[in-house]
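Student: Can you read through this structure? Questions will come right after.
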Amino acid sequence: MEPNHQNLIRSNYTTLVKKMSAVPVAGFLYASNIITDEMKQQIEVEKTSYDKNRKLISIILRRGPSAFQGLKRALLKANQRELSNLLIAKDDEDVTKSDYEKKLALARSLVVCTKEREAPESQPRKQIDQEKSPEPRCRISLDDFNDIFLTVMPYKDVIYIHIRHFTENNGRFTPTKKGVTFPMDRWLRFESLLPEIQKYLNNIGNGEREEMQWHVGGGVYISLTPGFQTVDIRHYWKPEDAPEPVPTKKGVTLNHKKFTRLLEVVEQMHQHVPELKDVELCMLSESHQNQLGMLNCPECTPFGYDPLNISMECNAGDLQDVETLNI
């Protein structure tokens, strides 16, 4: 953990020890792979809530760089928003940031890095018949061949951002099913990951060997593979007999040049979608202030959950926006 994060926790030590609910927080930390099962048991075996909280803090201070953000996420999921906000409000890294940058930082803290998975071939669901869509707000090419575009398309009074392949015929561009869809809150999470993705790609030549994958909501996963300067952005779904969600054919793979182009034009999205500055992350909405609300969220947990083990970290991967994929 970074020294400034350790100091922030220590400066709020008294409040955390008095008010934190250690057992559910520890459960979420364990589900997120921040602490081990042995550490979780060490916390639970303490006799008083005060001792449990002290033990949890002493453990979290010794964990790795993801422990601080993991603690804030666990507090949110344990319905202790005031304690999570306490850490956010005094975070020195946020003091000089704009409101939108703060929102991006918060969005990044809520994006869960998922485990490596097998990726069997899968078939997407049948497409739903659609009504004719309006004109896009923008269409920005990400390559030199007008093959793949970053576009903004309102659909049924909802704004969606797409990275999508198009076909061209007599000067008319037509979107294909090969692409990925972002509602505005999902785009916010994706945008918050861009610096981390760029850093990973820049380090590939320096022996980067760890495969990375994040879920940004609604079944959209970002995957990075060692040795390949590509970013795979893809919709996943979960067959009834599968233990984990699997990738579909709905998605895009950006090479380094296309991803660099995306970084160059991402600021333009704020001009075309001024509504982004007012987006509320679903994790911070009123419906998510209890665990059941989060588990019933189609963006966070679209596959449902195991009622016998509801404290586990939920891997989301829906097709809720399948109607927009032909836009």
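Student: For the stretch 174-281, run through the trypsin sites (Lys or Arg not before Pro) and keep only the ones in DSSP coil with at most 13 other Cβ atoms within 10 Å of their Cβ.
Tutor: Answer in residue order: Arg209.
Student: So for the stretch 3-96, what are the equivalent ellipsoid semi-axes in whole Å, largest first, each being the square root of 5 times an eigenvalue of the Cα gyration tensor?
Tutor: For the stretch 3-96, the ellipsoid semi-axes come out as 20, 14, 12 Å.
Student: Now, a different point. To the nearest 0.05, what FRET efficiency results for His256 and Thr167 with a Förster distance of 22 Å applied to their C-beta separation?
Tutor: Efficiency computed from Cβ-Cβ geometry: 0.35.
Student: Take Ser58 and Phe228, extend 7 Å from each Cα along the Cα→Cβ direction, and tell me the distance between the two endpoints in nm.
Tutor: The answer from the label model is 4.6 nm.
Student: Could you calculate the contour length gain from Leu263 to Asp37, that is, 0.36 nm times the residue separation minus the distance between their Cα atoms, to one decimal place in nm?
Tutor: Contour length minus the Cα-Cα distance gives 77.4 nm.
Student: Expressed in nm to one decimal, what extension gain is obtained for the pair His270 and Asp144 from 0.36 nm per residue of sequence separation less their Cα-Cα distance?
Tutor: Gain in length upon complete extension: 43.0 nm.
Student: Relative to the present Cα-Cα distance, how much length would full extension add between Glu210 and Lys249 at 0.36 nm per residue of separation?
Tutor: The Glu210-Lys249 span can extend by a further 11.6 nm.
Student: Quick one: which of Lys103/Lys258; Lys103/Lys250; Lys18/Lys102; Lys40/Lys72 span more than 22 angstrom between C-alpha atoms?
Tutor: Lys103/Lys258; Lys103/Lys250; Lys18/Lys102
Student: Using a simple spin-label model with points 7 Å from Cα along the Cα→Cβ vector, what separation in nm is obtained for Asn296 and Cys113?
Tutor: Between Asn296 and Cys113, the label points sit 3.3 nm apart.
Student: If Lys and Arg each add +1 and Asp and Glu each add -1, what is the summed charge of the other residues whose beta carbon sits under 15 Å from the beta carbon of Thr167?
Tutor: +2
Any read-out appearing in this document is the output of simple, stated calculations on the displayed coordinates, not a laboratory observation. None of these values were measured; they are calculated from a predicted model. Using ideal geometry, Cβ is built from the backbone for each residue, glycine included, and neighbour counts are taken over all protein chains shown.
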